[in-house]
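The values are calculated or read from the model by the stated rules, or taken from the named source; none is laboratory data. Predicted model only: the values in this text are computed from it and were never measured. Please note: Cβ atoms are built from the backbone with ideal geometry, for glycine as well, and neighbour counts cover all protein chains shown. With ligands, DNA and RNA removed, areas are computed over all heavy atoms of the protein, side chains included. Shrake-Rupley method; radii C 1.70, N 1.55, O 1.52, S 1.80 Å.
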Amino acid sequence: MSRKKTKPQSDEIIFLGTGGARYVIAKQLRATGGIFFRLGGKNVLVDPGPGSYLRLLSYLPEFNAEKIDAIILSHKHIDHSADINVYLDVMTKGGFNKNGILLAPRDAFGAGGVIFNYLLDFLNQIIYIKEGLEFKIGELRFTFPIRHQHRVETYGFKLYYKNTTVSYITDTKYFPELIDVYQADIMIINLIKLEPSEIDHLAVPECAEIIKSIKPRVAIITHFGMTMLRAGPWNIARALKKKTGITVLAAEDGKHYELNKLLSY
Ligand SMILES: [Zn+2]
């Protein structure tokens, strides 16, 4: 009798999309599916934008989306939230299987929100993200240290897992406290545009400032808008590395980043 050995799931972060902002969404120049954390046997999906579910099916064909443990929505903008209801339906088998945890800012719910009310009954737990929230699932601990400066209620997080910390700095205007609260080994930063012309997103010079001050082992830039794509995210990553002395990677659609490899930088 042959015994089939199941390989334990390796700890990894998968980008279901690296695009952001209106034009990139409209043309799908980059996918807009968010980020999927598979760590310590848990599956946590973050910011499922337009087309996220289809990307999950194509990038992780072996994975059953009913196995998602939690979804974190950093804020309700469409490039972060468009597919959330699809996932809630899939995770709960259309309501036949009470399952899953949803974390989102309060303004993502109800009138003016983006989450269908009827789906909420199907979930195991609903958590409103607010400043200072801590959330544990298995060996993972998430903290949401500060409200971002963005047009709607927005929070990034810091994730603690074993001896590793990972920060996710989602959409925000630059403000100096970002540097205090997001110290981590691995930093994921939404870098939507080159020049700091728009009021509520990070641009390249501010991103350099954050990386230089926090000094993570590695920074991963993602959520690219049109100006970033025209310049070439890898060119920007190289320039940031030169400026900060820190390894900076430009995230790629569908790419699996193994935690161990990221920590070896
Ligand atoms: Zn936004």
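Points worth noting:
- Computed from the C-beta positions of L133 and R238, the FRET efficiency with R₀ = 30 Å rounds to 0.25.
- Assuming charge only on the beta carbon of Lys and Arg (+1) and of Asp and Glu (-1), the dipole of segment 92-153 about its Cα centre is about 60 debye to the nearest 20.
- Amide proton proximity set for L249, modelled H, under 5 Å, gap of 5+: A219, I220, I221
- In this simple spin-label model, placing a label point 7 Å from the Cα along the Cα-to-Cβ direction at both Q125 and Q9 gives a separation of 1.7 nm.
- DSSP beta bridge pairing in segment 12-263, given as percent antiparallel to the nearest 5: 50
- E134 accessible area, 1.4 Å probe, all protein chains in place, Å² to nearest 10: 100
- Per-residue extension of 0.36 nm, minus the Cα-Cα distance of R141 and L194, leaves a gain of 15.8 nm for this segment.
- Selection of trypsin sites (Lys or Arg not before Pro), segment 1-89, meeting DSSP coil and at most 13 other Cβ within 10 Å: R3, K4, K5
- When you filter the chymotrypsin sites (Phe, Trp or Tyr not before Pro) in segment 50-142 for DSSP loop state and at most 10 other Cβ atoms inside 10 Å of their Cβ, you are left with F96.
- Rounded to the nearest whole Hz, the Karplus-based 3J(HN,Hα) values (6.51 cos²θ - 1.76 cosθ + 1.60, θ = phi - 60°) of segment 232-239 follow the sequence x, x, 5, 5, 5, 4, 5, 5, with x at glycine and proline.
- What you get for the chain, charging only the Cβ of Lys and Arg (+1) and of Asp and Glu (-1), is a dipole of about 820 debye around the Cα centre.
- Taking 7 Å steps out from each Cα toward its Cβ at K162 and F175 produces label points 3.5 nm apart.
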